[in-house]
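The values are calculated or read from the model by the stated rules, or taken from the named source; none is laboratory data. Small disclaimer: the values here were computed from a predicted structure and weren't measured. For neighbour counting, all protein chains shown are included, and Cβ atoms are generated from backbone atoms with ideal geometry for every residue, glycine included. With ligands, DNA and RNA removed, areas are computed over all heavy atoms of the protein, side chains included. Shrake-Rupley method; radii C 1.70, N 1.55, O 1.52, S 1.80 Å.
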Amino acid sequence: NKSQINEGDLYTHHSGKKYLVLDVGRFRCANTGEYLIAYQEFDEIESPVWMHTVSQFTHKYDDGTPRFELTLSN
């Protein structure tokens, strides 16, 4: 795992919602083969499981704001 993102890490989305990383590297994008990060809203057990490639997950917006910021490391 070269991304430094680990299963069990808690991230805060730029919207303020908190997400728990469920899986790192077991799933891959069918089009590119890139590893996917699977994550779910932390306080909503019934929320969908979302997936992004590592580059999408670690994306920074033009003003430097990260899409996700590490809140608590596992």
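Determine whether THR58 is over 12 Å from the mean Cα position of the chain (by Cα), open to solvent by 40 Å² or more (accessible area, probe 1.4 Å) and polar (S, T, N, Q). Don't jump to the end; show me each part of the working.
Values: over 12 Å from the mean Cα position of the chain (by Cα): no; open to solvent by 40 Å² or more (accessible area, probe 1.4 Å): yes; polar (S, T, N, Q): yes.
No; evaluated as a whole, the condition is false for this residue.
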task = From SER3, SER55, grab the single residue that is at pLDDT below 95 and in a helix (DSSP H, G or I).
result = SER55
Odd one out for ASN74, checked against (1) in contact (Cβ under 8 Å) with a residue 40 or more places away in the chain; (2) open to solvent by less than 80 Å² (accessible area, probe 1.4 Å) = (2)
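Filter the stretch 58-68 down to the residues that are farther than 15 Å from ASN6 by Cβ and either out of contact with any helix residue (DSSP H, G or I) (no Cβ under 9 Å at 6 or more places or on another chain) or modelled with pLDDT under 95 (or both) and list them by number.
Listed by number, the residues that qualify are HIS59, LYS60, TYR61, ASP62, ASP63, GLY64, THR65, PRO66.
Give the residues of the stretch 34-52 that are modelled with pLDDT of 95 or more and either open to solvent by less than 30 Å² (accessible area, probe 1.4 Å) or on the phi > 0 side of the Ramachandran plot (or both), sorted by residue number.
Going through the stretch 34-52, the residues modelled with pLDDT of 95 or more turn out to be 36-42, 48-52.
Listed by number, the residues that qualify are LEU36, ILE37, ALA38, TYR39.
Please work out if LEU20 is open to solvent by 40 Å² or more (accessible area, probe 1.4 Å) and within 13 Å of the chain's Cα centre (by Cα).
Details: open to solvent by 40 Å² or more (accessible area, probe 1.4 Å): yes; within 13 Å of the chain's Cα centre (by Cα): yes.
Yes, satisfied.
Just to be sure before I move on: is THR12 β-branched (Val, Ile, Thr), at negative phi and either buried (at least 16 other Cβ atoms within 10 Å of the Cβ) or part of a strand (DSSP E or B) (or both) in the structure I sent? If you could, list the steps in order and put the result at the bottom.
Numbers: β-branched (Val, Ile, Thr): yes; at negative phi: yes; either buried (at least 16 other Cβ atoms within 10 Å of the Cβ) or part of a strand (DSSP E or B) (or both): yes.
Criteria met by THR12.
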